[in-house]
Amino acid sequence: MTAITQVEIDQQVFQLYDEYCHGGIDRREFLRRAGAMGALGLALSLLPDYARAQTVSFTDTRIKASYVSYASPGGNADKIRGYLAQPAGTGPFPSVLVIHENRGLNPYIEDVARRAAVAGFLALAPDGLSPLGGYPGNDDEGRELQAKLDQAKLRTDMLNGARFLKSHKSSTGKLGATGFCWGGGTTNWLAATMGTDLQAAAPYYGVAAATGEVPKIKAPLLAHLAENDPRVNETYATYEQELKRAGVRFEIHSYPGTQHGFHNNSTPRYNEAAAKLSWDRTVEFFKRHLA
């Protein structure tokens with residue numbers, strides 16, 4: 001009988017963490033199963049440490065950032081709170097919507113908005129948990145809260161954030177969107193929903209847009225996928241065919257050796273090389289299409 005290798009055990013724990021992250025099991029069950037594999041230490045290390053996620057300081061003089069609120073007709077609340085970051089200059093600037101994972105506006109997503117501002121964009125990161133008091137300070141509660149929301153209205157809250165950002169006084173009116181996990185799927189959905197009102201979309205490991213909606217996509221698409229992410233990746237074979245059929249300009253990049261969440265530098269799923277390459281591609285893509 002062949003012994004299971006450490007690499008295989010690690011991959012099983014990564015898959016278990018993915019199930020936990022997407023609400024299939026709770027934290028206690030995640031740790032219990034990992035312990036049964038003899039991999040409790042790895043499981044504990046996968047839990048986020050947001051002190052590691054900050055790459056651009058709140059006080060960085062290259063940017064200005066503040067919390068704002070915007071109207072969200074048809075959403076889960078009349079007003080949604082968001083984090084707005086922009087370059088320190090006078091503008092106007094091309095704009096980028098940054099859409100969070102399935103746990104609200106955590107410190108990692110705020111940092112991504114600041115990274116976008118450093119790159120020259122007016123960036124808005126909405127907090128879909130606003131109707132329930134906002135991101136609660138930890139991902140477990142955040143995930144539970146997001147699951148309680150009306151999911152169609154939650155997407156409408158992101159759509160209203162995109163519209164708010166596009167018409168902002170500091171925006172040129174050119175709009176891009178990027179998002180991670182749930183936010184990646186929502187980025188694909190926004191591309192189909194907004195049509196010509198969106199100029200570029202860069203989803204990270206998010207499920208594909210519904211097949212029947214793909215012909216509505218008019219923005220060029222830059223999709224980033226993890227190699228080890230079957231739940232998301234299985235949606236892309238048909239998606240790629242439909243994008244070609246609809247004449248959508250697109251690139252799909254899969255990053256070898258990566259897990260779902262590889263861009264998130266608050267957990268060991270982070271892959272520095274893939275995160276840097278994908279972000280460099282995203283910034284160049286937005287500069288090209290939002291100029």
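The values are calculated or read from the model by the stated rules, or taken from the named source; none is laboratory data. Owing to the predicted nature of the structure, the values given are computational and were not obtained by experimental measurement. Positions of Cβ are backbone-derived with ideal geometry, glycine not excepted, and every protein chain shown enters the neighbour counts. Accessible surface areas use protein heavy atoms only, side chains included; no ligands, DNA or RNA. Shrake-Rupley method; radii C 1.70, N 1.55, O 1.52, S 1.80 Å.
Descriptive notes on the structure:
- The residues listed here are A208, A200, A275, A226; of these, the one that is within 19 Å of A116 (Cβ to Cβ), of a type in the set (G, A, S) and touching a helix residue (DSSP H, G or I) at 6+ places or on another chain (Cβ under 8 Å) is A200.
- Selection over segment 164-182 of residues that are under 19 Å from R81 (Cβ atoms) and either small (G, A, S) or free of Cβ contacts under 8 Å to residues at least 12 places away in the same chain (or both) gives a count of 5.
- On the stretch given as segment 112-141, residues that are of a type outside the set (G, A, S) and surrounded by 22 or more Cβ atoms within 10 Å (Cβ to Cβ) total 11.
- Segment 41-68, subset open to solvent by 70 Å² or more (accessible area, probe 1.4 Å) and not hydrophobic (A, V, I, L, M, F, W, C), residue modelled with the lowest pLDDT: R52
- The sole residue among G74, G91, G134, G104 that is assigned to a loop (DSSP other than H, G, I, E, B) and closer than 21 Å to A291 by Cα is G91.
- Residue, surrounded by the most Cβ atoms within 10 Å (Cβ to Cβ), within segment 233-244, restricted to residues that are in a helix (DSSP H, G or I) and either modelled with pLDDT under 95 or polar (S, T, N, Q) (or both): N233
- Considering each residue of segment 85-96 in turn, at least one proves to be surrounded by fewer than 19 Cβ atoms within 10 Å (Cβ to Cβ) and either of a type in the set (A, V, I, L, M) or touching a helix residue (DSSP H, G or I) at 6+ places or on another chain (Cβ under 7 Å) (or both).
- Filtering segment 193-246 to residues that are out of contact with any strand residue (DSSP E or B) (no Cβ under 9 Å at 6 or more places or on another chain) and of a type in the set (S, T, N, Q) leaves T193, T196, T211, T235, T238, Q241.
- Failed item in (1) open to solvent by less than 50 Å² (accessible area, probe 1.4 Å); (2) under 24 Å from F286 (Cβ atoms), with K169 passing the rest: (1)
- Matching residues in segment 245-279 - criterion: being of a type in the set (F, W, Y) and open to solvent by 50 Å² or more (accessible area, probe 1.4 Å): F250, Y270
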